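Undergrad: Pasting a structure below so you can have a look.
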Amino acid sequence: MGFRRRRWRDLRPDEDKVRVNTAIRAVEVRLINHDGQQLGVMAADAARDVAGRVGLDLVEIAPTARPPVCKIMDYGRYKYEQKKKAANAKKSQHQTQLKEIKLRPRIDDHDLEFKLRNARKFLIEGDKVKCTVMFRGRENLFTNLGRVLLARISELMSEIATVEQSVRSEGRTLNLVLAPIRSAVEKIRKEEAARLSAEAAEAEEREAAVGSVEAAGTEDLGVVEEESAVE
């Protein structure tokens, strides 16, 4: 089956950062075909003719080289795949969010520990944490308790977080915003990954050991059955 000769598009640099087909200004180019084979240096017109004969585009991939390097490819498909890769990469990137934990000024240690575990999880995931102390009724007369609590939280989380926004009063609440310390968070992630890897290796070793024991038991049973048959 032969290739259909392509009707070239004239993609200019101001419309597309990559020069394609007749937008390539160099007189000579170093050509790579669609299979990745080096075809050497030739006139740009000749390179365009080679690309046209296989129904593909001539794309300038290294414009600063002397002479520029061009490759034969389906440029429309290439752009689509690059756009798809960029979208997937953006989707996989973590978008920092502001998570919130809410507390009462007289929270007990058990509940505080639970709240801080959640805050720690958020920080390790790369999010910021807003710590909000809420006051009701006569508690508004003792806002100093909230400040003491937020100072305590800041100290307890200082290993992995820094204060991005100091204590601020908003209506009947006091707020503090913590941001993750990147180096500390990365260290914890690596340690957690190593721990999970070690646990997985131990589990595999246990399964292998159990399998060996079962195999040995089966062999012993076979020997006993053979001896019984001989008797």
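The values are calculated or read from the model by the stated rules, or taken from the named source; none is laboratory data. In this text, all values refer to a predicted model and were calculated from it rather than measured experimentally. Cβ coordinates were reconstructed from backbone atoms using ideal geometry, including for glycine residues, and neighbour counts include every protein chain displayed.
Undergrad: Please verify whether LYS121 is in contact with a Ser or Thr (Cβ under 6 Å, 6 or more places away or on another chain), surrounded by fewer than 17 Cβ atoms within 10 Å (Cβ to Cβ), charged (D, E, K, R) and farther than 30 Å from ALA23 by Cβ, treating the condition exactly as stated.
TA: Considered against the rule, which asks whether it is in contact with a Ser or Thr (Cβ under 6 Å, 6 or more places away or on another chain), surrounded by fewer than 17 Cβ atoms within 10 Å (Cβ to Cβ), charged (D, E, K, R) and farther than 30 Å from ALA23 by Cβ, LYS121 comes out as no.
Undergrad: Tell me whether the stretch 90-99 contains one or more residues that are charged (D, E, K, R), without any contact (Cβ under 8 Å) to a residue 40 or more places away in the chain and surrounded by 15 or more Cβ atoms within 10 Å (Cβ to Cβ).
TA: yes
Undergrad: Need the failing condition index for GLY55 against (1) outside the structural domain of LYS17 (by TED's automatic domain parsing); (2) at positive phi; (3) small (Gly, Ala, Ser), just the number.
TA: Unmet condition: (1).
Undergrad: Which one of the conditions (1) modelled with pLDDT of 90 or more; (2) under 30 Å from LEU174 (Cα atoms); (3) not small (Gly, Ala, Ser) does TYR75 fail to meet, given that it meets all the rest?
TA: The number of the failed condition is (2).
Undergrad: Same structure again: Quick check on my filter: what residues within the stretch 165-199 are β-branched (Val, Ile, Thr) and over 23 Å from the mean Cα position of the chain (by Cα)?
TA: VAL167, THR173, VAL177
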